1. Of all residues in the range 254-276, which are surrounded by fewer than 16 Cβ atoms within 10 Å (Cβ to Cβ) and either within 31 Å of the chain's Cα centre (by Cα) or not charged (D, E, K, R) (or both)?
2. Need pairs with beta-carbon distance below 7 Å; first residue part of a loop (DSSP other than H, G, I, E, B) and within the range 147-172, second surrounded by 10 or more Cβ atoms within 10 Å (Cβ to Cβ) and at pLDDT below 75; sequence gap 6+ or separate chains.
3. Please list, ordered by residue number, the helices (runs of 4 or more DSSP H) wholly in the range 261-348 having 1 or more residues that are assigned by TED's automatic domain parsing to the domain that holds GLU160 and modelled with pLDDT of 95 or more.
4. Somewhere in the range 280-289, is a residue on the phi < 0 side of the Ramachandran plot, exposed (fewer than 15 other Cβ atoms within 10 Å of the Cβ) and small (Gly, Ala, Ser)?
5. Being polar (S, T, N, Q) and near the ligand (Cβ under 10 Å from one of its atoms) is true for just one of SER261, SER234, SER216. Which residue is that?
6. Give me a count of the residues in the range 18-27 that are in a helix (DSSP H, G or I) and without any contact (Cβ under 8 Å) to a residue 24 or more places away in the chain.
7. Tell me, which residue of the range 89-116 that is at pLDDT 85 or above and within 14 Å of the chain's Cα centre (by Cα) is surrounded by the most Cβ atoms within 10 Å (Cβ to Cβ)?
8. For the range 274-323, what are the residues that are within 15 Å of the ligand (Cβ to nearest atom), more than 24 Å from SER234 (Cα to Cα) and of a type in the set (D, E, K, R)?
Amino acid sequence: MVWELFNLLKTAEEEISSVQNEKDLENWRIKYLGRKSPLSLFFKELKNFSPSEKKELGEKANEIRKKLVDLYEKKKNEFQAENNLNFSLAKKDKKANFFDITQPGKRIPLSHLHPLTLVFNELTNLFGNLGFQIVEGLDIETEYYNFDALRIPEDHPAREMWDTFWLAPKDKKQKSKLLLRTHTSPMQIRFMEKHQPPFRIIVPGRCFRYEATDFSHEIQFHQIEGLVVDENVSLANFKSIVNNILMTFFRKNIEIRFRNSYFPFVSPGIEVDIKFKEAKSSVYKNKWLEIMGAGMVHPELFQNVGYEKNQWQGFAFGLGVERLTMLKYNIPDIRLFFSSDIRFLKQF
Ligand code: DAH
């Protein structure tokens, strides 16, 4: 009988080694350790033996039982360990898929404002704060507004200052020749024709000149024209406004100089220069740099637009926007503005 039990132990051992899951293990347990297992039945039969046999057989059977229990426990522990591992792997997996809604989002690269736009925005704000109204003109002008009305007649040597892109006439009936405006000054006339003083306006706009390009010349560029007309307007007012705007724009890092000059539509004519106190680049160091033309509006312009004689005074100015932007941001070449080079644009 006992050797039958030993056989049983052997098959039980073999079987448990191929048990793959907990369910099979449970079946194994029922088969070898359950109430109806051969071992249990054997224990029940023990009472039929004599006391000495009972003792001997009982001890053997207990040994086998213990071995079977050990086998079972060992396998069970194996499964348990595996389960723990799977559980922590699942946890890890969960962690990998975890979505933290409090995390800041991925930055979507934003586009940048063009440096000229930045400067336009800043300057129009500064002028706006001083009560200037913003007016816009057209890129295409007539010869009259661009030149004649500004006292620049055809044979006037000053016209050579503005090399012009002329537009082919549409037909022979066209009265005034058309051109791409060479400066924003024509809007002075257009505005005055329609408005009575007092007023203060600025005209931001694009201009064109037919000339060779280099680091400081482009065939297209931008100006901000200014015009202030009132009963008592003087150059002192002009100087104070220019000081105010430029000091704010360049964060006080400049000296300003006003110098005599000539433009046909103003009298006297003035040019404004700046010098950097702390030069960002050696190119600008200790150099006076011209940044705008200006002057008191010539009385003939008032006549041209039909204003009453001797009633009004005014000053006008024209700022080079590229020049100011180059100085502010230390840009070495005007051609960069229109190059569409993303490496350049990204810096602003
Ligand atoms: N229109 C001039 C130019 O393009 C600049 C200028 C000079 C504008 C004097 C003005 C002024 O309003 O008064 O060179």
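1. Those that are surrounded by fewer than 16 Cβ atoms within 10 Å (Cβ to Cβ) and either within 31 Å of the chain's Cα centre (by Cα) or not charged (D, E, K, R) (or both): PHE258, ASN260, SER261, TYR262, SER267, PRO268.
2. From residues that are part of a loop (DSSP other than H, G, I, E, B), the pairs are PHE147/ARG159; ILE152/ALA158; ILE152/ARG159.
3. Hits in the range 261-348: 299-304, 321-329.
4. yes
5. Answer to the check: SER261.
6. 4
7. Looking at the filtered set, the residue picked out is PRO115.
8. Across the range 274-323, the qualifying residues are GLU322, ARG323.
The values are calculated or read from the model by the stated rules, or taken from the named source; none is laboratory data. Source: prediction; values computed, not measured. FYI the Cβ positions are ideal-geometry reconstructions off the backbone, even for glycines, and counts take in every protein chain you see.
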